[in-house]
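As structure tokens, the structure follows; a few thoughts come after it.
A short reminder: the numbers here are calculations on the coordinates, not readings from a lab. Values in this document were obtained by computation on a predicted structure and should not be read as measured data. All Cβ positions, even for glycine, are placed from backbone atoms using ideal geometry, and neighbour counts span all protein chains on display.
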Amino acid sequence: MTDEAPAMNAVVFKKPYEVSYERVPRPINPQAGEAIVRVMACGLCGSDLHPYRGAEKGLREDTICGHEFAGIIEEAGKGVTFARGQRVAASFTTACGTCWFCTHNLSSRCDTVQLFGWVNKSGCGIHGGQAQFVRVPHANGTLMALPDNVSFDEGVLLGDIFATGYFCAKNAMSALADSQMTPAEMTITVVGCGPVGLCAIISAKLLGVGTIYAIDRVKSRLDMAAGVGAIAVAPGKSPLDVNCAVTQSGRGMDAVLEVVGTFDALDLCFQLVRPGGVVSSVGVHAHDKGFPVSPEQCYDKNITFRSGRCPARSLMPEVCQLLQSADIGRIISHRVPLSAASEMYRKFETQEKGVYKVIFDPWA
Ligand code: NAD
Ligand code: ZN
Ligand code: ZN
């Protein structure tokens, strides 16, 4: 980079347990279909922790981190329908908006999909949103115009974790459509009460679920879950006791939502679910321990398993409508300058008390 090249502040990945706040080249000259977004708010996600912990390998050193951001169109390339100055939020993966998957509510499997903040060792991929500016390919499909009454912080949540929590809960409910139960009669358990788990609890409530239990290993996370309307299962108490306590004859949960991304958590979900119930999983399983149950065990319990990367762009308009009733902003615990990234990665990773959803301001 020469002294004259435009530069910006960003958080870059160095190696496991090390991210760095640095001056890096600024994206300029958007090509056809691309937009450059001036980032006004960006998020730290549990998914950022997988490469940070070294569990997800292959991320190239100096990749700009982060896949959650909202901001203002700085420059628009040819064919982009957004105008300079327009307020937008991005989904955490790019979406062309026109392929079969994008037009069938599965934007996360777009033919050209890329994850923001992921450049592999060969240099393929795109930089992320924990920066002052970000280049957005397929801007028309990836970005959504933010209504005036939706803040940038809310825009960050729409593009990933609120959409993902909603996806997780809705997948469970749709799989139970033939169960002869109303949502109010259902009892579900959410395993994992990080920011995405909290969004799943809030979403399940919005979808009318009657009883929601929450399980986590960390007391402060359980307290948060209780704060958004779940019944916390005390750490140390066997979660399996919950089944007996709340369902007659201990038949088990109608649905269990897995929002962690570990073998143990998914295993617990299969133990908790009742025959004919559903395990809805959104945790990213960056491990090689395999799947906790066999096809035979699934057969013997008539289990429905749903999973996958959230098609956030497909869901953003729907979850945006829910914002007013959800008060989702209450899960944001920190709004700090981007220069605090290194410290906040550490605190979020160690689940320091009081650290839930962290939003960075790249201009503070
Ligand atoms: P997080 O790391 O803050 O939350 C995970 C929570 O699980 C923590 O509170 C932790 O204490 C708890 N936990 C760990 N082991 C447990 C166990 N065995 N039983 C119960 N609880 C346990 O992260 P987050 O931001 O809430 O993200 C949660 C997961 O969702 C991550 O795996 C993330 O990658 C994934 N995610 C997936 C998508 C998607 O599209 N599918 C999108 C966003 C995030
Ligand atoms: Zn994420
Ligand atoms: Zn597409």
query = If you line up the long axis of helix 195-206 against the longest principal axis of the chain, both from Cα atoms, how many degrees apart are they, to the nearest 10?
reply = 60 degrees
ask   = Ile28: net charge of surrounding residues, Cβ under 10 Å, Lys/Arg +1, Asp/Glu -1, itself excluded?
value = 0
message = Using only the alpha-carbon atoms, how far is helix 161-175 inclined from the longest principal axis of the chain? Give it as 0 to 90 degrees, nearest 10.
response = 40 degrees
inquiry  = Can you tell me the length gained on complete extension of the stretch Ile28 to Leu322, counting 0.36 nm per residue apart and subtracting the Cα distance?
reply    = 102.3 nm
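Among Val228, Val190, rank each residue by its count of other Cβ atoms within 10 Å, from fewest to most, as a rough exposure measure.
Result, fewest neighbours first: Val228, Val190.
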query = By how many nm would the segment from Lys121 to Glu61 lengthen if fully extended, with 0.36 nm per residue of separation less the alpha-carbon distance?
reply = 20.8 nm
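Test of understanding: ordering Thr94, Thr182, Thr103 by Cβ neighbours within 10 Å, fewest first, what list do you get? Could you put the intermediate results ahead of the total?
On the way: Thr94 24, Thr182 10, Thr103 14.
Starting with the residue having the fewest Cβ neighbours, the order is Thr182, Thr103, Thr94.
Under the rule that an exposed site lies in a DSSP loop and has at most 15 other Cβ atoms within 10 Å, name the longest stretch of the chain with no GluC sites (Glu not before Pro) of that kind, not counting the sites themselves. Mind showing how you got there, number by number?
Working: sites that count: Glu4, Glu61, Glu352.
No qualifying site falls inside 62-351, the longest such stretch.
Which chymotrypsin sites (Phe, Trp or Tyr not before Pro) from segment 4-34 combine a DSSP loop assignment with at most 13 other Cβ atoms within 10 Å?
Qualifying residues, ordered by number: Tyr17.
Of all DSSP beta bridges in the chain, what percent run antiparallel (nearest 5)?
55 percent
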remark   = Per the charge dipole of the chain (beta-carbon charges, Lys/Arg positive, Asp/Glu negative, Cα centre), the residue among Ala204, Thr262, Val284 reaching farthest to the positive end is Thr262
query = What percent does the relative contact order of the chain come to when contacts are Cα pairs within less than 8 Å and at least six residues apart?
reply = 18 percent
message = Using the crude model of +1 on Lys and Arg Cβ and -1 on Asp and Glu Cβ, and no other charge, please compute the dipole size for segment 163-307 relative to its Cα centre, in debye to 20.
response = 260 debye
note = Here the convex hull volume per residue of the chain, taken over Cα atoms and given in Å³, is 135 Å³
ask   = How high is the FRET efficiency from Glu185 to Ala83, r the C-beta distance, R0 41 Å, rounded to 0.05?
value = 0.25
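Within a Cβ distance under 15 Å of Pro292, other residues only, what is the Lys/Arg minus Asp/Glu net charge?
Here the count lands on -4.
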ask   = For Glu68, what charge total do you get from the other residues with a beta carbon under 12 Å from its beta carbon, if Lys and Arg give +1 and Asp and Glu give -1?
value = -3
Sequence of Tyr356, Tyr213 once ranked by neighbouring C-beta atoms within 10 Å, starting from the fewest = Tyr356, Tyr213
Mean projection area, nm², convex hull over Cα of segment 163-307 = 7.9 nm²
inquiry  = Please report the spacing between the Cα centers of segment 259-288 and segment 97-163 in Å, no decimals.
reply    = 26 Å
